[in-house]
Amino acid sequence: MAVNPVVIALSQGREATAQAVATAIGGIVHGREGRVDQSVYTFPDALAHIRDLFAAGVPVVGVCASGILIRAVAPLLSDKRSEPPVVSVSEDGRMVVPLLGGHRGANRLATRIAEALGGTAALTTAGEVSLGLALDEPPEGWVLENPDNAKAAMAGVLASGGAHVDGDEAAKAGWLADLPSVEGVDLICTTEPWSVSKPTTLVFRPQRAALGVGCSRDCPADELIALVDGLLAEAELAPKALKGIYTLDLKGDEPAMLALARHLDLPLRLFTADELEAETPRLETPSEVVFAEVGCHGVSEAAALAGAGPDAILGHPKIKTAHATAALAMAPQPITELRGRSRGRLSIVGIGPGQASWRTPEVSQLVAAAEELVGYSLYLDLLGPLAAGKPRADFPLGGEEDRCRYALERAAEGREVALVCSGDAGIYAMAALVFELLDRAPDKGGVSRAARPVEIVCSPGVSALQGAAARAGAPLGHDFCTISLSDLLTPRDDILRRVRAAAEGDFVIAFYNPVSRTRRTLLAEARDILAGARPGAPVMLASNLGRPKEAVRYLRIEELQVDDVDMLTVVLVGSSASRLIRLPDGDRIYTPRGYAKKLATGEAGT
């Protein structure tokens, strides 16, 4: 989904303009703490706040001096093809300046803001200044097939003052109508395959076509892909002229469908049987057999027509193989609406200990793109500005299965959902439970059939183990393991067996969930086992890592007391080789890997 822009207001005098900008572009206002009254979210540090939003891929519009925005994002600038728009607006709204991402939406944002406020959009990109268009940003419904040629083509257009517009769809390219006709640069507008022979040729595809597909259960992916490739070749239609792939929602979890979407690099959209049945009067090959099986008289033809819209016609009726069908529908104009619903996506994200600087850019981007956030209340609060204004479903500790089930079922409705965990979502967190629910049969406590097609994305985070190790120095320099001391889900005897095995193997150990209000003895038993196996081993106690109340303490294994530890503490126990050393900046633990021995023996390699 598109990420909503954030409008920054730094003072009460700028707040009215910020609210007007937000209304014009569908954004939300974030205001400086103590200086604004009506913002959705407030922040104490403008530069850090803007930087966090930019790193997450959120478009930023600042009602402030351009220099503030520039100083905020400057350390993060790297690739103009992936950076979000940044726009500066004067306090009175008279000047609107796109600073970054001109051809990734900033120019459009600036133009909309200027029109709404009666100001001027100060566009500075060469194409807009000289010709009033950007060749690498065609209007909605059009796709540039070969963007790598855009730079050379634009240079040629600027040098000559025009270009040669050609192709069977040129008449529909009204956005190029005012471009003077000059030889040298070719702008081809066509749905047909086109061979590009020079670097100043650009091929634009009007997305007038919708591909409808159907298949039997467990259809071979190569069969469906070959059928569609053959259909496109017969219809002389380039894949980029397709708006999307459309099918019955019951087929949303078919591996062949997902493989086809990856093959064509197109979105897969789903319709219910009732929605497809409404297209029956327009079908060329309705089938009572299909109706009896899935509840509509056709899948591929109906899905193509539903995807292309009410004015579309069947450009190519259904063709089929033993297990698959495919059809094409053509709209009279480029399709600007992606009809149907998506498979839905559940992003299982680990936000690290909570501070923004320890959160990965990928996690921030997935959270920013989510339509709904699900998680334990504390973890959602730690997201700060990324959670502002977003629908959220807060669950208490102990509601883990309800939390995961809710997230999956909401994604099954076609939503972008982020399931938020602390640390890394795959380490003692929710990722495993999500897959367990998907693995269970519905009548055995699993999720609904509708949730099975949901796309699952797991994004790594900084685990408590890694955070503690970084603070400690390098305790994980050699072999290590993690053990949870919670006996809620793991039998007590199994936990102690693992502790004894780790002691015998002389692993560095990270203990998760070391104690709770009612569970106080397992940590003491683990201490006694390890003290006997590795007397004097260094121990680190780390709590609230990356948060204002962070606390780190070092001691020896024999000195470890249960009352020194709480539920938010990670306990790191060194191996017999681990060493606690004193440095000017404080104590550190490291576990040597054996480089001294290698140096002594003259061994090569790492």
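General remarks:
- Residues listed by number, the stretch 190-214, amide nitrogen under 14 Å from Asp166 label point at 7 Å toward C-beta: 190, 194-204
- The order of Ile557, Ile456, Ile509, Ile351, going from fewest to most other C-beta atoms within 10 Å of their C-beta, is Ile456, Ile557, Ile509, Ile351.
- For mean projected area of the Cα convex hull in nm², the candidate list reads (1) 35.2; (2) 28.4; (3) 26.6; the entry that matches the value derived from this model is (1).
- With a simple spin-label model that places each label point 7 Å from the Cα along the Cα-to-Cβ direction, the separation between Glu559 and Ala16 comes to 6.4 nm.
- For Gly315, the amide hydrogen comes within under 5 Å of the amide hydrogens of Leu328, Ala329, Met330, counting only partners 5 or more places away or on other chains and with H modelled in the peptide plane.
- To the nearest ten degrees, helix 430-439 and the longest principal axis of the Cα atoms of the chain are 60 degrees apart.
- Proximal lysines to Lys320, defined as alpha-carbon separation beneath 26 angstrom and excluding residues fewer than eight positions away on the same chain: Lys240, Lys243, Lys251
- With each label modelled as a point 7 angstrom along the Cα→C-beta vector, the Asn4-Leu76 pair spans 1.9 nm.
- Tensor-based shape of the stretch 344-462 (alpha-carbon gyration tensor, a/c under 1.5 rounded, otherwise prolate or oblate): prolate
- Förster radius 56 Å - calculated FRET efficiency between Ala155 and Arg593, Cβ distance, rounded to 0.05: 0.55
- Going from the residue with the fewest nearby Cβ atoms within 10 Å to the one with the most, Asp381, Asp218, Asp563 rank Asp563, Asp218, Asp381.
- With each label modelled as a point 7 angstrom along the Cα→C-beta vector, the Thr120-Val182 pair spans 2.6 nm.
- Rg over Rh for the stretch 209-340 works out to 0.92, using Cα positions for both radii and the Kirkwood form for Rh.
- With respect to the chain, whose longest principal axis is taken over its alpha-carbon atoms, helix 521-533 is tilted by about 70°.
- Helix 492-505 axis, angle to the chain major axis (alpha carbon atoms, nearest 10°): 80 degrees
- Placing +1 on each Lys and Arg Cβ and -1 on each Asp and Glu Cβ, with no other charges, gives the chain a dipole about its Cα centre of roughly 2080 debye.
- Going from the residue with the fewest nearby Cβ atoms within 10 Å to the one with the most, Leu237, Leu530 rank Leu237, Leu530.
- Spherically averaged projected area of the stretch 465-590 from its Cα convex hull (nm²): 7.3 nm²
- For the chain, the Cys residues with no second cysteine's beta carbon closer than 4.7 Å are Cys64, Cys189, Cys296, Cys404, Cys421, Cys458, Cys481.
- Asp229/Asp148 FRET efficiency (R0 22 Å; Cβ-Cβ; nearest 0.05): 0.40
- Full-extension gain in nm, Thr285 to Leu568, via 0.36 nm per residue minus C-alpha separation: 95.5 nm
- Anisotropy class of the stretch 6-124 from Cα gyration tensor, a/c 1.5 cut: oblate
- Mean sequence separation of contacting Cα pairs (under 8 Å, at least six apart), scaled by the length of the chain, corresponds to a relative contact order of 8 percent.
- Relative contact order %, the stretch 344-462, counting alpha carbon pairs below 8 Å whose residues are six or more apart: 42 percent
Values in this text are rule-based calculations from the coordinates and carry no lab data. Since we're looking at a predicted model, the values are computed, not measured. Neighbour counts are summed over all protein chains in view; Cβ atoms, including those assigned to glycine, are modelled from backbone coordinates with ideal geometry.
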